[in-house]
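The values are calculated or read from the model by the stated rules, or taken from the named source; none is laboratory data. In this text, all values refer to a predicted model and were calculated from it rather than measured experimentally. Reconstructed Cβ throughout: ideal geometry from the backbone, glycine too, with neighbour counts over all protein chains shown. With ligands, DNA and RNA removed, areas are computed over all heavy atoms of the protein, side chains included. Shrake-Rupley method; radii C 1.70, N 1.55, O 1.52, S 1.80 Å.
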Amino acid sequence: MEENESEWGELTRECLINILSRLTFEDQWRGAMLVCKSWFAALQEPSLHSEFNLEPYFDSPSESPRWWTLQFEFKIDSMLLSIVRSTHQFLTQIRIRHCSDRSLNLVAQRCPNLEVLSIRSCPRVTDDSISKIATGCPNLRELDISYCYEITHESIELIGRNCSNLKVLKRNLMNWLDPSQHIGIVPDDYLNACPQDGDSEAAAIANYMPHLEWLEIRFSKLTVKGLNSICQGCPNLEYLDLSGCANLTSRDIANASSSLSHLKDIKKPNFYIPRSVYHTERYGHWRLYDERFQTDVFRI
């Protein structure tokens, strides 16, 4: 054993870093750092940690209620804080879920070169930390704040004002038309806190993010007014996801998006409204009439 450890320890630092750079995040932290002292020291090389990506560990068919607990959030925060303290200016991509202002405030302070920030499903991320991200991370080119209900249009405006390189914005909401897929997993009070200010967020996007190429706003409650402002203010859009945006008709979308000369793909909403949400047996024929003749009388 001693001879093998000696052989591993004789590898040059450059060689070790090259080897370690080929390992997954999990392999680096759970295995490689335990090989010997020289490997542990090499793993402190900041360039090995330009990306912190926990998304693969959340990529499962179903969510876990445990993810929405304060205890789990604390663990995620602790991991992110540890990474930021050891790599800070080298960190360019962060993809996590269920963190809080606690860790993002440090990201804003120490990661000026951050280009990608994905923080889906973070119930305790607020305007406080995102406003600091806006000023502390001006190189952002991709931002995912989906299912973060404590973030408002004010933060979206600040990000747009300060991050002129932003090309990708993902601001998806949970399916408020049929929340059954989240019941028993997402806390009820959070599930019922779906943001109502779709047009305010649309205005912030339109006025301060003119260079967007990719926009996802699934289940947003914006109206045709908000959609028109986005299409006029973001002329470079190539991808637009409006899935679940029940306040929009087919004609609304066709008219608004006609000005987007670079548009390659658009996801349109499904106009089926579950009976559990609306009394379709009473008003369904009016909804059908509205869709067929585009009268917009019974817009939700």
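Across the accessible surface of the range 122-247, with the other protein chains kept in place and a 1.4 Å probe, carbon and sulfur atoms take up 47 percent.
How much net charge surrounds CYS99 when only other residues with a Cβ under 9 Å from its Cβ are counted (Lys, Arg +1; Asp, Glu -1)? Here the count lands on 0. In this entry, the range 165-248 is assigned a mean projected area of 5.5 nm², taken as a quarter of its C-alpha convex hull surface.
Count Lys and Arg as plus one, Asp and Glu as minus one, and take only other residues whose Cβ is under 15 Å from that of ARG120; the net charge is then -3.
Each Lys or Arg adds one and each Asp or Glu subtracts one; over the other residues with Cβ under 15 Å from the Cβ of TYR239, this totals +1. With each label modelled as a point 7 angstrom along the Cα→C-beta vector, the GLN89-THR135 pair spans 2.1 nm.
When +1 charges are put on Lys and Arg Cβ atoms and -1 charges on Asp and Glu Cβ atoms, the dipole computed for the range 69-138 relative to its Cα centre reaches about 180 debye. For a straight C-alpha distance cut-off of 17 angstrom, the lysines reachable from LYS221 (same-chain residues fewer than eight places away being disregarded) are LYS170, LYS267, LYS268.
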